[in-house]
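Working notes, structure below.
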Amino acid sequence: EAGSYSNATNLTAAGECTACPAGSACSTGSIEPTPCSPGTFAATEGLSECDSCEPGSSGAGGAFCSKCAAGTYAANPGQGECIPCPHPLSSRGGGVTCSICKTGYYLQDVSALPVVIFESPTEHCKPCPPNADCSSPNTTLEALGFPRGYWRASNQTTELHKCVASEHCSGSGSAANVEHSHRRLDYGDVGSDALAGAGCDAGHTGPLCEWCV
């Protein structure tokens, strides 16, 4: 019967057949197990068909499928291998697409749809600016890391300024842990022409953190 096999010719009952082992399938009348093909699996014994690996995973054919590693993807069911992400994209583990920027790059527009990013990766993932830190995958423009001693006017610019006259530019830390002061100037007090910045030590604010508060 389905899910079992036997090459004997003198059987008197279906129960005398051997259960098909995990990693293979046995249709009705099988004389030996059929190994699952790449992209399919049979997790338990006694199965008549192998199942397809789900999107985000792949398998060489056997008892299980493996989740795609970070930086690879499987968009369709039944893939024998996960596909490397196109440059300069990456993915999280188990990815069905690639829609984050790899280490050394940052995502310019966080509102861009994953399918749009995948179709035009170099338009959305840009090389990390000088002195910035993009050491974590999925770094965005807003979350650019930059070291102490540097300042930027807002989280929408890639231009970093070295603080020369002030020792109170706290930077943002690394891209993986952007923990910094978000002290900003009050436009109502100093006028709209002033630049507001983040990354100043407590008690300091303004362009290049040169103003005391």
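Observations on the structure shown:
- For segment 1-50, the Stokes-Einstein estimate of translational diffusion at 37 °C and a viscosity of 0.692 mPa s comes to 311 µm²/s, using the Kirkwood hydrodynamic radius over alpha-carbon pairs.
- Over the chain: helical MRE at 222 nm, DSSP H runs n ≥ 4 each giving -39500 (n - 2.57), nearest 500: -1000 deg cm²/dmol
- Estimated D of segment 50-91 in µm² per second, where Rh is the Kirkwood radius over Cα pairs and Stokes-Einstein applies at 4 °C, 1.567 mPa s: 126 µm²/s
- Here the chain is treated as a sphere whose radius is the Kirkwood value from Cα pairs; by Stokes-Einstein at 20 °C and 1.002 mPa s it diffuses with a coefficient of 102 µm²/s.
- Highest mean packing first, where packing is the average number of other Cβ atoms within 10 Å per residue, the peptides 72-82, 49-59 line up as 49-59, 72-82.
- Taking all C-alpha pairs of segment 1-112, those more than 20 Å from each other amount to 53 percent.
- Accessible-area rank, largest first, for ILE117, ILE83: ILE83, ILE117, with all protein chains present and a 1.4 angstrom probe.
- Reachable lysines, given that their alpha-carbon falls under 24 Å from the alpha-carbon of LYS162 and they are not under 8 places away in the same chain: LYS126
- Each residue of segment 55-71 was assigned a 3J(HN,Hα) from its phi angle through the Karplus curve 6.51 cos²θ - 1.76 cosθ + 1.60 (θ = phi - 60°); the sequence is x, x, 9, 8, x, 7, x, x, 8, 7, 10, 10, 5, 4, 6, 4, x Hz, with glycine and proline shown as x.
- Amide H contacts of CYS200 (H built 1.01 Å from N, under 5 Å, at least 5 apart or other chain): SER170, SER181, ARG183
The values are calculated or read from the model by the stated rules, or taken from the named source; none is laboratory data. Here the structure is a predicted model, which is why all the values come from computation and not from measurement. Methodologically, a virtual Cβ is constructed for each residue, glycine included, from the backbone with ideal geometry; neighbour enumeration extends over all protein chains shown. Areas reflect the complete protein model, heavy atoms only, side chains present, ligands, DNA and RNA absent. Shrake-Rupley method; radii C 1.70, N 1.55, O 1.52, S 1.80 Å.
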